[in-house]
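The values are calculated or read from the model by the stated rules, or taken from the named source; none is laboratory data. Keep in mind the model is a prediction, meaning the values are calculated, not measured. Backbone-built Cβ (ideal geometry, glycine too); neighbour counts: all protein chains shown. Accessible surface areas use protein heavy atoms only, side chains included; no ligands, DNA or RNA. Shrake-Rupley method; radii C 1.70, N 1.55, O 1.52, S 1.80 Å.
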Amino acid sequence: VTLSGDARMGIVNPIGSDDVAFTSRARVKFTLTGETDGGLSFGAEFRADNASFDAIDAGDVGNGGAEDGVAGNVYISGAFGKLSMGDVDSAAKAAVGNVDAIFLVNATDMQESTFIAGGTKESVLYEYSTGSLGFYVSAGQISNDFTNTPDVTATPLALGVKYSTDAFTVALGYEDADDVGNTTHLIVGASTTFSGVTLKANYGTAQSDIAAVDGGSQFALSATYTADALAATVFYTDDEELGGSKAYGIGASYDLGGGAKVVGGYGKDKTADDDTFDLGIAMEF
Amino acid sequence: VTLSGDARMGIVNPIGSDDVAFTSRARVKFTLTGETDGGLSFGAEFRADNASFDAIDAGDVGNGGAEDGVAGNVYISGAFGKLSMGDVDSAAKAAVGNVDAIFLVNATDMQESTFIAGGTKESVLYEYSTGSLGFYVSAGQISNDFTNTPDVTATPLALGVKYSTDAFTVALGYEDADDVGNTTHLIVGASTTFSGVTLKANYGTAQSDIAAVDGGSQFALSATYTADALAATVFYTDDEELGGSKAYGIGASYDLGGGAKVVGGYGKDKTADDDTFDLGIAMEF
Amino acid sequence: VTLSGDARMGIVNPIGSDDVAFTSRARVKFTLTGETDGGLSFGAEFRADNASFDAIDAGDVGNGGAEDGVAGNVYISGAFGKLSMGDVDSAAKAAVGNVDAIFLVNATDMQESTFIAGGTKESVLYEYSTGSLGFYVSAGQISNDFTNTPDVTATPLALGVKYSTDAFTVALGYEDADDVGNTTHLIVGASTTFSGVTLKANYGTAQSDIAAVDGGSQFALSATYTADALAATVFYTDDEELGGSKAYGIGASYDLGGGAKVVGGYGKDKTADDDTFDLGIAMEF
């Protein structure tokens, strides 16, 4: 059992507010690792703030912990790959990922693409990599990203594949939730780095009978420049047709060393016609 | 302050469901120990998932922790014995214990005997051992095992005595909750190990004016075979007359080393006419 | 990330009850520290029991942690002083503090003076010390001490200054919450130690348009005698005009070494005409 932590302090003007407020947070993460006699690695991780979520279900006090995917995950890995259970990403998200953004708080995760699978309930993710190729398969729960009324009995399946070289990465993800309005989602992502600049782009297209979603496409772009202690990012994203919003933002961080950074960002949600900014110090321990 | 942890991942078909579901959990346990100048040991232990239970009482946020017996316990020990407070067992349960079962999840604890005392509120347990004899005295709260509407103001008393040799153990427990329907409970337990097989048996008889219980008897039996990395258990239990159920089960585990085990079990609740099975990996850190 | 902990076990007759009850509690505290390349110190601290408070807001599960001042605090310090955010005291309380009391439990904090600022929501405290002088400035939220219906949008400001020598300490605090009934509060405190006795005294006077408070004055006195392992304290306090109560109490502790103490106290709330006592063992790990 090892411990790590993070914290932040600063100011924020969140989406949905005209006021600037103070913000601070501290968290601790538990990392549990072991190895069997046969050489399989196993372990788990969760945060102190997730530890007792289940305690809220008054009838379920005795169970608690990072249980049933509410937070954290448990894994076993070896030559066969890695099998994780709990609050894990869908295979599509694990392969494609999201474009970059820099904020101190970013409560709305506005740069993120919409994925169908991977909510906060029990999910399973299998990963296998060989050379430049990574393969991902998952079964899980419908994501809150995709619909505001997730069907908790749905178990969307997802596939992902990623090809990485030193110069670029391309990835493809497919999600299938046929028990939730015959919903399917295909997403591709690519990233490349040159001259200190990292470009990332995602494009996805979904079919769905859910009235509020009705299918459509999404894209997201980011450019991040890093030089010594400085990092700066701009992004533009549009997943409005999939229940998200059009948004753009710009942010920067300056590394003070020892795990502390000055971090600030500005974001504009064009769909909601609202903006957010934050500035402060982010810490890693 | 030292840390340990446990985790599990696998599949489960729980009581009350016809579906097989994924299950995972990770927990961390805090163990606090100290010693006075006079040589008394003291300490406490609780789990991360129990740490903030009291936070749910919105008016009681500042207190929190493993408080007032909701979880964990605090103790002091020396030549006089050991005095523990918090979420401790009744003296009868501490002396007699339960028969064995092997499951990955076992949410219903179906092999467990019914004890009157020892709920999840503040209780006190005193233990003293000398040679082969152990004595137990406790005062605490009525258990959820015994009645679905526990009287939180009741403070059942309990006594226990255990005699252990290398070959066998016999134990006797008595619980008295005269402020809850004049309820009393006498329970005896025995266990013995030979040729790699451990047999355990409990028999209890209770008197009570509570209509739903009305007194009666209970018994539980288990046989566990261990050989190197393998362990296998069968059990049969009947505490139907005390508000529980008739049940039997079989389970096995195989130790992979390093703290990981493959574990699976099958259980049948005859009273509810429902069964459960689970299979997966249990981990200790 | 370092861990420390505390625990207690004993008996208590709390305010509002005629019964003596068992009490126990165990807690763990996380302390996170770091240093930038430029020599600034930064860190955070919170307790395991505070870790997941935000999980109660079901819509806010992902955030959690010692967030937004609900518990714990985050700081950065250097030659410029120390800036803390989170669940911090008002500048007036940081400078003047409270008189002493010894209890095992002391759930009502009856010896404490009333301060306007410093609730359990996000606050900011800046501290700077030079030689014998310490300066404090804070902005935060109205305190629960002062009114039972705190205005969560209020952001009272506070100032404090403290002068300390080996022989005595004097401190002055001023709190201004003009957006809550034009409330202001001026408080002075002094302490001195001689012959093993520490005397502390606070006197404060407040103006307010809030009907329930209506302004008035408060005072608090304590005398603590320490000799080797023994400490004994008496206190008298009257903040009845500011929504508190007249109270007095006496308590003592005896250090057993290794972090354990026998602790007991008696307190009388004259306004409520009720008393409390407790006795037990307090532990530090």
- Message: Being open to solvent by less than 30 Å² (accessible area, probe 1.4 Å) and within 22 Å of the chain's Cα centre (by Cα) is the filter here; which residues of segment C:199-214 pass it?
- Response: C:202, C:204, C:206, C:213
- Task: Kindly provide the set of residues from segment A:225-239 that are buried (at least 16 other Cβ atoms within 10 Å of the Cβ) and not small (Gly, Ala, Ser), ordered by number.
- Result: A:233, A:234, A:235, A:236, A:237, A:238, A:239
- Task: Check whether at least one residue in segment A:140-149 is modelled with pLDDT of 90 or more and crowded, with 21+ Cβ neighbours inside 10 Å, and report yes or no.
- Result: no
- Task: Taking the residues in segment B:14-36 that are over 22 Å from the mean Cα position of the chain (by Cα) and in a strand (DSSP E or B) as candidates, determine which candidate is surrounded by the fewest Cβ atoms within 10 Å (Cβ to Cβ).
- Result: B:21
- Message: Pairs needed: first member in segment B:189-201, at positive phi; second member anywhere, surrounded by fewer than 17 Cβ atoms within 10 Å (Cβ to Cβ) and among the polar types (S, T, N, Q); C-beta distance under 8 Å; at least 6 residues apart or different chains.
- Response: B:196/B:226
- Consider residue A:248 against the criteria (1) without any contact (Cβ under 8 Å) to a residue 24 or more places away in the chain; (2) closer than 19 Å to residue A:96 by Cα: it satisfies all of them except one. Which criterion is unmet? (2)
- When residue B:77 is run through (1) among the small types (Gly, Ala, Ser); (2) under 23 Å from residue C:261 (Cβ atoms); (3) assigned to a loop (DSSP other than H, G, I, E, B), the failure sits at (3)
- Query: Are any of the residues in segment B:183-193 open to solvent by 40 Å² or more (accessible area, probe 1.4 Å), more than 24 Å from residue B:21 (Cα to Cα) and at pLDDT below 95?
  - Reply: no
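From the list A:66, A:44, A:71, which one is modelled with pLDDT of 85 or more and either in a strand (DSSP E or B) or buried (at least 24 other Cβ atoms within 10 Å of the Cβ) (or both)?
A:44
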- Filtering segment C:104-131 for residues that are in a loop (DSSP other than H, G, I, E, B) and open to solvent by 30 Å² or more (accessible area, probe 1.4 Å) leaves a count of 8
